[in-house]
1. What Kirkwood hydrodynamic radius, in Å, does the stretch 128-213 give when the mean of 1/r is taken over all pairs of distinct Cα atoms and then inverted?
2. Could you give P(r) for the stretch 76-118, binned at 5 Å from zero, as whole percent values over all Cα-Cα pairs?
3. Averaging sequence separations of C-alpha pairs under 8 Å and six or more residues apart, then dividing by the length of the chain, give the relative contact order as a whole percent.
4. Calculate the spin-label point distance for residue 160 paired with residue 91, positioning each point 7 Å from the Cα along the beta-carbon direction, and give it in nanometres.
5. Mind checking the angle between helix 190-213 and the chain's longest principal axis? C-alpha axes, 0 to 90 degrees, to the nearest 10.
6. Quick check on the chain: helices-only [θ] at 222 nm, where DSSP H runs of length 4 and up contribute -39,500 (n - 2.57) each and the sum goes over total residues. Nearest 500, please.
7. Please work out, to two decimal places, the log10 of the ratio I(q)/I(0) at q = 0.15, 0.20, 0.28 Å⁻¹ from a Debye calculation in which every Cα of the stretch 96-143 carries one identical scatterer.
8. Which value in Å does the Kirkwood hydrodynamic radius of the chain take, with 1/r averaged over all unlike C-alpha pairs and then inverted?
Ligand code: FES
């Protein structure tokens, strides 16, 4: 299993980075998605393309339990069906107007999105807290080389120098970029969080250097 997909699940973002009533862009192997959380707190993932004229839905806005497109205001339910077309307020939108959606799960402070119907739940990393996410201009091989360790089948890398306190959950992006979710062991205090964050930034720099030099392809 390649760590860019973690089976059919992809770790797209940390829960803390998606407050209620917001939408952000994210990526799964199928392409770009709009990841959003309704005002009642339920996460959802939609293809990042409005069925009307193709505007990115991640530029849109959340009202209540719906995601609205910024261009002409068509709004979509979490199931993907169109709820409202502002230019035709009396019209019930046809069922055929819908945006593709993907299964979403949250575990341990990580938001996972699946392609198709997943046969199992996403991985759980017991004993870790999700700290932050970083984007690296480096592929997974360069991250592994910088960490001195291979990713597990679940996409988790434990850097050789971390003494078991930090793990990086990898999500491959476009153009040899990798999203790194930093997981920290236990309920660590502020000093440990700062140290872990700096260690992750240092590892990212090292991986980017290796990528630039073409050492890890
Ligand atoms: S492009 Fe989205 S509502 Fe028109």
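Rule-based calculations on the coordinates, nothing more; no lab input. Since we're looking at a predicted model, the values are computed, not measured. Backbone-built Cβ (ideal geometry, glycine too); neighbour counts: all protein chains shown.
1. Kirkwood radius, the stretch 128-213: 12.6 Å.
2. Taking all Cα pairs of the stretch 76-118, the binned fractions are 5, 20, 19, 18, 12, 10, 10, 5, 1 percent.
3. 19 percent
4. If labels sit at residue 91 and residue 160, their model points lie 6.2 nm apart.
5. 90 degrees
6. Value at 222 nm, helices only: -5000 deg cm²/dmol.
7. Debye output, listed in q order: -0.64, -0.93, -1.05.
8. Values: mean 1/r = 0.0548 Å⁻¹.
With all distinct Cα pairs of the chain included, I get 18.2 Å.
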